[in-house]
């Protein structure tokens, strides 16, 4: 059976509460991680879930490498 790499996309929004004296300070605090995340770090809004961007047939060795690379990334993400 053939294997395909299917790339999908969605638009996701996250919201957080920041205490700051200005928009500039609020932005700095967000980049520094100094905020209270709403919705337990999950998106507060998701749209266009599952729209397909591309479908590309791939050989087994490419699929195996992708699985290995992403398993490594997810293991180190947490």
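Taking the conditions (1) modelled with pLDDT under 95; (2) in contact with a strand residue (DSSP E or B) (Cβ under 7 Å, 6 or more places away or on another chain) in turn, residue 41 satisfies each one other than (2).
Could you tell me whether the stretch 15-26 includes any residue that is in contact with a strand residue (DSSP E or B) (Cβ under 6 Å, 6 or more places away or on another chain), on the phi > 0 side of the Ramachandran plot, assigned to a strand (DSSP E or B) and surrounded by 10 or more Cβ atoms within 10 Å (Cβ to Cβ)? No, every residue in the stretch 15-26 fails to be in contact with a strand residue (DSSP E or B) (Cβ under 6 Å, 6 or more places away or on another chain), on the phi > 0 side of the Ramachandran plot, assigned to a strand (DSSP E or B) and surrounded by 10 or more Cβ atoms within 10 Å (Cβ to Cβ).
With respect to the conditions (1) free of Cβ contacts under 8 Å to residues at least 24 places away in the same chain; (2) touching a strand residue (DSSP E or B) at 6+ places or on another chain (Cβ under 7 Å); (3) surrounded by 10 or more Cβ atoms within 10 Å (Cβ to Cβ), residue 36 falls short on a single one, namely (3). One residue is enough: does the stretch 49-58 have a residue meeting the conditions at pLDDT 95 or above and either in a helix (DSSP H, G or I) or touching a helix residue (DSSP H, G or I) at 6+ places or on another chain (Cβ under 9 Å) (or both)? Yes: one or more hits.
The values are calculated or read from the model by the stated rules, or taken from the named source; none is laboratory data. This one's a predicted model, so the numbers in the text were calculated from it and none came from an experiment. A quick note on method: Cβ atoms are made from the backbone with ideal geometry, for glycine too, and the neighbour counts reach across all protein chains shown.
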